[in-house]
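J.: My questions will all concern the structure given below.
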Amino acid sequence: MSGPVVSRSKAIRSSSPGAGAGRGGPGLESARYHRRDDTEWQGMLVDVANRLKCTSTTRCSLARACVSGFCGPCSQDSDCLVGETCTMDHCARTPNVHCRSRRDCTVGQLCVLTGTSDDVRGNADMSAVCLGDKGEMPGTASAAGQSHVTPAQPSSQGDARAIQDGAL
């Protein structure tokens, strides 16, 4: 299941200036991105035009999942490996998942991914955290008593769990 896609120009509109520049090349299609709700963070969109074939999620890098024989965006936890949670179309390590969407964050915050790492899956250092609309992290005082988002049961509070757990 590839899900809806957004054109390259739509994705670039929502990301930083110059994002996607230099993409493509011999044998590669222009990037097409898996679409997220317009109210969600629009960073790290998954390119669905140039996907590698796979037989298992263990073979997919950039925190992607093997779905229908191709590496691409996850849509549920079962697309990911044991110990990973699907958040923002990526498989992140469960202890590092503090939100799945902006619904898990306080008003004015977005659920964002911190980036990929150089391990085989690309998710060893990736976290999903709530950040303010200017990228600021919430204060540690509001983090008291908060916990991680557990697989298949997203938190409805989701404010500063990353700070509490020292993820950032």
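J.: It is to be established whether one or more residues within segment 25-48 are at pLDDT below 85, surrounded by 11 or more Cβ atoms within 10 Å (Cβ to Cβ), more than 18 Å from VAL120 (Cβ to Cβ) and basic (Lys, Arg).
T.: yes
J.: Out of everything in segment 102-137 that is among the small types (Gly, Ala, Ser) and touching a Leu at 6+ places or on another chain (Cβ under 6 Å), what residue ends up being surrounded by the fewest Cβ atoms within 10 Å (Cβ to Cβ)?
T.: GLY122
J.: I'd like the full set of residues that are surrounded by fewer than 20 Cβ atoms within 10 Å (Cβ to Cβ) and either hydrophobic (A, V, I, L, M, F, W, C) or not in a loop (DSSP other than H, G, I, E, B) (or both), limited to segment 82-101.
T.: Scanning segment 82-101 gives VAL82, ARG93, THR94, PRO95.
J.: Can you find a residue in segment 65-78 that is farther than 18 Å from ARG35 by Cα and assigned to a strand (DSSP E or B)?
T.: Within segment 65-78 (the criterion being farther than 18 Å from ARG35 by Cα and assigned to a strand (DSSP E or B)), the answer is no, since none of the residues qualifies.
J.: Shifting gears a bit: Would you point out which residue out of THR58, THR116, THR94 is among the polar types (S, T, N, Q), on the phi < 0 side of the Ramachandran plot and at pLDDT 95 or above?
T.: THR94
J.: To continue, here is another question. Please find, among CYS71, CYS91, CYS80, the residue that is within 18 Å of ASP47 (Cα to Cα) and under 10 Å from the mean Cα position of the chain (by Cα).
T.: Exactly one residue qualifies, and that residue is CYS91.
J.: Turning to a different aspect of this structure: Quick check: anything in segment 113-120 more than 12 Å from the chain's Cα centre (by Cα) and of a type in the set (D, E, K, R)?
T.: Taking every residue of segment 113-120 in turn, at least one turns out to be more than 12 Å from the chain's Cα centre (by Cα) and of a type in the set (D, E, K, R).
J.: How many of the residues in segment 58-81 are touching a residue at least 60 places away in the same chain (Cβ under 8 Å), crowded, with 20+ Cβ neighbours inside 10 Å and within 20 Å of ASP118 (Cβ to Cβ)?
T.: Final tally of qualifying residues: 2.
J.: Going through segment 94-112 one residue at a time, which ones are small (Gly, Ala, Ser) and more than 11 Å from the chain's Cα centre (by Cα)?
T.: Scanning segment 94-112 gives a single hit, GLY108.
The values are calculated or read from the model by the stated rules, or taken from the named source; none is laboratory data. Remember, predicted model here, so these are calculated numbers, not experimental data. Reconstructed Cβ throughout: ideal geometry from the backbone, glycine too, with neighbour counts over all protein chains shown.
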